[in-house]
Each structure stands twice: as structure tokens, then as C-alpha cells.
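Before any comments, here is the structure.
Coordinate-derived values only; no laboratory data. From a predicted model like this one, the values you see are computed outputs, not experimental measurements. Methodologically, a virtual Cβ is constructed for each residue, glycine included, from the backbone with ideal geometry; neighbour enumeration extends over all protein chains shown.
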């Protein structure tokens, strides 16, 4: 450091060094304090991540799941747990389920599946109010030139029909819903 750049009028060298030492005595402890604070924040962050990881790794029981879903579905413990498990199984390659709720009109058959589906990504849930036998494939499927067929990919998807589908649509869906094969071509 040169005296001429930092002081006007220039100080003599001994005075400049004295001022420089005083400044560093003020600055260095401040820098050390900031470094210690950063280290403490990092340590606390790592500790909270470890605590969060332990919490996330904890086994969850059906009672825990039922109590979480009780926020929006007050009763019906068995139907909401079965629906949740069925929707969760859609994420796997095997053992998917098809569930049908049967009750009189306006009994709230679609309430449980709709509420449970909110626990899953929206991209993996399709709620269908009604569909004719052909509209289901034309609206929700893609044409495959190679196979010359409409392809509806149901992998990792949950379909919720809000009303009883047309009987012809059910006939066409039956091979897919039975899940005897991974893919089916309907023409």
C-alpha cells in the first residue's frame, strides 16, 4: 500500500502504518465473526436436514395416513385407505387395482377418490365426467402410425369416472382394467 493513494495529504510512513494496524484490528475481527456466523448457519442447516431426513424416513402406518386424510374425509376409514392404496399401486409395475364405488345417487361416491387424488401429482390423475365409447379414446389417446391404432398410456395414472361410464365404454375398457397384459390395442 502506498501512502499517497490512501491519504490526502499523505501521512508519514509510521503514522500510516499505525492507522493501517488500527483498521485491520477492527476489520479482521468483523470478518472472523462473519465467518463464524456462516459456519454456525451451515451447521444448523445440516442439523435440520438430518432431523428432516430422519422424520421423512420414519415408517408411516395406515392410522397415520387415515389421520392425515381425516382433514378432508372425516369418516370412512376403510374406503379412503383402500382408495389411497389403490392409487399408490398405480405407481408400481404390478398389482394395480380397479375400484368401483356402488351406492345410491348423490351418496358421494366420487368424493373420496377426488379427495384422495389430491395427494398425488395432478399429471397422474384424470377425472372424467362422462365419455362415450369413442370419445374416451379420441379425446385421451394418441394415434400411433406404426401400430395404426389409438394408444392410451395408463402407466402411473389414476382414472376417476365421476359417473357410470357408458356400457360400451366399459366393455372396451375391460381388457385394460383387468391388467392381464401391460398393453392392449383397441380398434
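Per-residue Cβ neighbour counts within 10 Å put 31, 128 in the sequence 31, 128, beginning with the fewest. With both labels modelled 7 Å from their Cα along Cα-to-Cβ, the residue 170 to residue 98 distance reads 1.0 nm. Cβ crowding within 10 Å ranks 16, 161, 62 as 62, 16, 161, fewest other Cβ atoms first. Looking at the square roots a ≥ b ≥ c of the eigenvalues of the Cα gyration tensor of region 105-173, which shape do they give, rounded for a/c under 1.5, prolate if a/b is larger than b/c, or oblate? Oblate, because a/c is 1.5 or more while a/b does not exceed b/c.
Please say if region 62-178 is rounded, prolate or oblate, where rounded means a/c under 1.5 for a ≥ b ≥ c the square roots of the C-alpha gyration tensor eigenvalues, and otherwise the choice is prolate for a/b larger than b/c and oblate otherwise? Here region 62-178 falls in the prolate category.
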